Every structure is written in structure tokens, then in C-alpha cells.
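Shown next, in C-alpha cells, is the structure this report addresses.
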Amino acid sequence: MNRWAERLWSLLFLMVPVAGVGVFIWAMADGYGMRGHWLPENIDEQGKVIDSLFLFILGLTGVIFVGTGVALFWFLWRYGAAGNRDARVRYTHGSHTLEVVWSILPAATLLFIAIYQMDAWADAKIRRPTIVVNGQEQPKPPIAEITGRQFEWRIRYAGRDGVIGTRDDLFTVNELHLPVHEEIVLVIKTEDVLHSFFLPNLRVKQDVVPGMKQYVWFKPIRTGQYDIVCAELCGWGHYKMRGRLVLQTREEFDRWFEQEWNNQELRSYTPPEPEE
Ligand SMILES: [Cu+2]
């Protein structure tokens, strides 16, 4: 390879970090051609925590990505064979110190991230909201049960008795209405294969595993219509497994619920027998 080919290849390698970072900035700035490619609007009370964790990890990995990309470019540029015909080759059996350093640094970084995000993880996945019943604190019961199946979301609301799995439950498909400014608990499960229940605007994403019942919770702070998405490739119709999340004020929600519930009564809909 001659000198010029070497330089060309070095510059091509340099394009990896340059274009990589460029595309991210382009998307973050919502520039033309990249509209809506960055994080969707956050409408969850705790969403900021998830977003700042995301940005922190992105920044950290970004610095390492740029660092290794630039180092690779520099070694190609400076030490190519064509430009160093007289250089003497030095054989090495490795550096013990270097290996210790590059093992400990990533390990320490991963450990730091694990500890740093512990609170966010606990809030999102472990500390389910509670209510007080007869002076006793207990986990808040879910307002609805979401069942994923190829290829739709079946939604079952606890009826007036507040208990899911009884005869007065309300059923909808792909349309989830919820009140805002309240801690929402949902129970999710699947009828067939793995799905992933994803509410992008609420920063909620949870795999739905056959045979398991799982709980997700969040607190929406804005009314409007948003997406429910399946984030796990679950079959040929995966792409159309999307639903509509309608966030309403408590009054609007109650009115909607009443109306739907009365309609289902009129159709004398017979829901399946309770499971438990
Ligand atoms: Cu799915």
C-alpha cells in the first residue's frame, strides 16, 4: 500500500467517531431529516431519572468510543508500513501492567454504574406504590390487567369492585385509558410468546414472560394520546402490535369508564370465568 492509500484508509477510520457523534448531535438537535428520532416527550413524574441515566451512560460510552476511534486513526496514520520503511520491529509478549489497568478500569466503571443506578432501579422495579387499608400499608392493586397475545393487547379493568377477575370487569382491546396525576399500577402477562410492554413516553418497558404475572407502575403527568408498543419481536405481526394510551383527568376517565361499562352491560357481555 502506498503512502496515499494509507492516509485515505486512516481518514476513513476517523469517519467512524466523527460520523457517529455527528449523527447523535443531529438527532438530538431534532435537525431536518432526523425529526422525532431522539427520545420521545417524557410525561412521567420519574422519567427524568431514567433520561438522565440514559444520557450519563451515553456520554460515558461516547467518550470511550471517540477515544478508541481516534487512537485507531492515529496509529494507522502515524505507523503505517509505507511511511516507516526503516523502522525496526520490536517484539513484545504483552504488558502485565497494561492488562491489569484495562481490566480494572472497565470493572470499576461497571461497578460504579451498578451502584449509581440502584435507586432508579428500585423505584422503577421494586418499590411498588402502596395504599393504606385499615391502617395497614399494602401494595396498591392494579387498575387493569394487560394481556399480550399475537398480535394485540387485551385490557381488562377491575370493575366497580376494584378486583380484577370478577364478573363486573371491563374489557377493551388495544385501548388503555388511564387517569393522570395518580400512581398507576398495571399487571401484565402474555397468552402465548414473549412480548415487551413498552410505553415510550412514560419510560416504561417490561418483558412479558409466558407463565409470569408482572407489575409495572408509573405516574403520568400530562393528558393526551400516546403509543403502546410491543418491543419484543414476537412474530410476523409484531409491527402492528400497537395500542393507544389515552391519558385523561380523573373526571374524564370516570365518565369514559362508566359509559363503556354500561355499554358492555347492554351487550350482556359474558367475560371469561375468573382465574383465581
Ligand atoms: Cu408482541
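The values are calculated or read from the model by the stated rules, or taken from the named source; none is laboratory data. Here the structure is a predicted model, which means the values were calculated and not measured. All Cβ positions, even for glycine, are placed from backbone atoms using ideal geometry, and neighbour counts span all protein chains on display. Each accessible area value is taken on the protein alone, full model and side chains, heavy atoms only, with ligands, DNA and RNA left out. Shrake-Rupley method; radii C 1.70, N 1.55, O 1.52, S 1.80 Å.
Tabulated data for the structure shown
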read-out	value
Residue selected from segment 195-219 under the condition among the β-branched types (Val, Ile, Thr) and within 15 Å of the ligand (Cβ to nearest atom), by the criterion farthest from GLU152 (Cα to Cα)	VAL209
Check on GLY162, outside the structural domain of TRP256 (by TED's automatic domain parsing), at positive phi and at pLDDT below 95	no
Residues (more than 21 Å from PHE151 (Cα to Cα), part of a loop (DSSP other than H, G, I, E, B) and not charged (D, E, K, R)) located in segment 180-236	VAL180, HIS181, ILE221, THR223
Residues of segment 238-267 satisfying the condition of being surrounded by 11 or more Cβ atoms within 10 Å (Cβ to Cβ), more than 18 Å from the chain's Cα centre (by Cα) and among the hydrophobic types (A, V, I, L, M, F, W, C)	VAL246, LEU247, PHE253, TRP256, PHE257, TRP261
Some residue of segment 145-161 being open to solvent by 20 Å² or more (accessible area, probe 1.4 Å) and of a type in the set (A, V, I, L, M)	no
Tally of residues being under 20 Å from PRO17 (Cα atoms) and among the β-branched types (Val, Ile, Thr) across segment 73-91	0
For ILE164: the one exception among (1) part of a loop (DSSP other than H, G, I, E, B); (2) open to solvent by 50 Å² or more (accessible area, probe 1.4 Å)	(2)
Subset of segment 220-237 [of a type outside the set (D, E, K, R), within 16 Å of the ligand (Cβ to nearest atom) and open to solvent by 60 Å² or more (accessible area, probe 1.4 Å)]	LEU233, TRP236
